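Derivation of every value follows stated rules applied to the coordinates shown; laboratory data play no part. Given the structure is predicted, the values throughout are model-derived calculations rather than measurements. Counting neighbours? That spans all protein chains shown, and the Cβs are built from the backbone with ideal geometry, glycine included.
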Amino acid sequence: MRFRNSIQTLDVYNFKETFCEENQIICHHLQHTVQKYIKSPILDVGAGIGDISFKALGDKKVIMIDVNKISRHDYPCQPGHVRKQCDFFDFESKEQINTVLISHTLQFIDDSVDLLNEKIREINPETVIQVLNTNDDFMGDLMEWCNQNTESSNPEIKLDGFPRNYTLIKTVPFTALLRCPDFMELARQVSYLMLIELDNVANKLVQFLKKC
Ligand SMILES: C[S@@+](CC[C@H](N)C(=O)[O-])C[C@H]1O[C@@H](n2cnc3c(N)ncnc32)[C@H](O)[C@@H]1O
């Protein structure tokens, strides 16, 4: 079986800066709705270019990790923030991490829920903040379409039993809009969400999206 297990920094940037306003909404909630639960130092797991931490956690101490090499040339970095090219499972810190932020990265690190829980236990943060897609409505239909029409996909799914030994204190539902100039671009953006190879199914996916 083969599935896409990574996306390029530029793809993420285009998704977030050009076609979707989701990160503005995430930043708003981090700054206002859940602010009181966020305590430095923060570990931003799969930070990508780091725009969320830059905009929403500028006054806090943040360690941004990503398996990809990302530098100040890709996106600026706040004075109290550091970037590390590092796999989440290899991350180690002498300093106690108080908050772990996992924003749209769970699908890349959830091969084993036990390993994931073990890593969180080792880091031992007070709070884990997850930013996840809810796979209902359009996203649910899309997942079903992917199951039926692609060799494999790797959508982001809420994990039962993760994080273990933590109590859910707040859920903040929100909806973001993905606006593209044409259906082929929408198909490309959607392929990043579902981590599917677009080439073989592009036209079929466009037909599906036109009917949604
Ligand atoms: C969809 S992006 C999310 C970026 C950002 N957190 C956001 O919400 O906009 C997922 C990021 O996770 C990174 N990633 C994937 N697997 C990882 C791992 N094992 N450890 C650290 N980062 C990882 C990818 O390189 C990518 O930048």
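Observations on the structure shown:
- The orientation-averaged projection of the convex hull spanning the C-alpha atoms of segment 9-211 amounts to 11.5 square nanometres.
- 10 Å Cβ shell holding at most 12 others, DSSP loop, GluC sites (Glu not before Pro): longest site-free stretch of the chain: 1-91
- Farthest positive-ward along the chain dipole, Cα basis, beta-carbon charges - from Phe19, Leu30, Leu142: Leu30
- Virtual spin-label span in nm between Leu168 and Asp59, 7 Å along Cα→Cβ: 3.1 nm
- Straight-distance candidates among the aspartates and glutamates for linking to Lys36, with alpha-carbon spacing under 20 Å and chain neighbours fewer than 8 residues away dropped: Asp44, Asp59, Glu126.
- Pairs of Lys residues in segment 109-212 that lie 8 or more places apart, or on two chains, and have C-alpha atoms under 30 angstrom apart add up to 6.
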